[in-house]
Amino acid sequence: DWRRSQSVGVGQRFGNDASPAITFDLGSVRSVDHAQIWNGHEVAPSVKRMLVETSSDETNFTSLGNFTLTTASPASETIALGHASGRYVRFTILENGSGQLFPVVDPATAGTFVMIDEVAFFEYLPD
């Protein structure tokens, strides 16, 4: 039963970051069922692969695995997070749409920009 969501707009680019990552603060510890992601609206800097982790204290993170995104905005896609518990959800970008692998080891092989438009997290609340 998905009863609560938190949507975060991320319309800014991470820029030329050798190890791009973003951490979302959900405000309190929650059981996160899934995330709906509106990936970058340009193919090259959109997120292709990322590591998703959760944490209750923003220091010790638990991996939920690597995810591959295949849809660009304005369409969205959903990734299952299996009722993972945490206040913080971190996306560590592993590859962008132009094929650049992260972290970047000089020289970069493709464009190093990364973008993601919006993310909505859905909490699982048992009946």
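The values are calculated or read from the model by the stated rules, or taken from the named source; none is laboratory data. Everything quoted here is computed from the prediction, not taken from an experiment. Please note: Cβ atoms are built from the backbone with ideal geometry, for glycine as well, and neighbour counts cover all protein chains shown. Note: accessible area is taken over every heavy atom of the protein model, side chains too, but ligands, DNA and RNA are not part of it. Shrake-Rupley method; radii C 1.70, N 1.55, O 1.52, S 1.80 Å.
What span do the alpha-carbon atoms of the range 84-127 cover on each of the three principal axes, reported in whole Å from largest to smallest?
For the range 84-127, the Cα spread along each principal axis is 52, 18, 13 Å.
What does the accessible area of residue 79 come to, in Å² to the nearest 10, when a probe of 1.4 Å is used?
Looks like 10 Å² after rounding.
Taking the Cα-to-Cβ direction at residue 127 and at residue 101 and moving 7 Å from each Cα, how far apart do the two end points lie in nm?
Distance between the two pseudo-spin positions: 4.8 nm.
What are the extents of the Cα atoms of the range 42-126 along their three principal axes, listed from largest to smallest and rounded to whole Å?
For the range 42-126, the Cα spread along each principal axis is 46, 30, 16 Å.
Does a label point 7 Å from the Cα of residue 25, set along Cα-to-beta-carbon, have any residues of the range 35-74 with amide nitrogen under 19 Å, and which are they?
Under 19 Å, as judged by backbone N against the label point of residue 25, lie 53-62 of the range 35-74.
With an 8 Å cut-off on Cα pairs and a minimum separation of 6 or more residues, tell me the relative contact order of the chain in percent.
Computed value for the chain: 46 percent relative contact order.
Would you mind checking which residues have amide H under 5 Å from residue 85's amide H? H placed 1.01 Å from N; only 5 or more apart, or other chain.
32
Going 7 Å from the Cα of residue 41 in the Cα-to-Cβ direction, what parts of the range 103-118 have a backbone nitrogen less than 14 Å from that spot?
115-118
On full extension of the chain, what length is gained from residue 66 through residue 49, given 0.36 nm per residue of separation minus the C-alpha to C-alpha distance?
Numbers: separation 17, 0.36 × 17 = 6.12 nm, distance 0.69 nm.
Full extension of this stretch gives 5.4 nm more.
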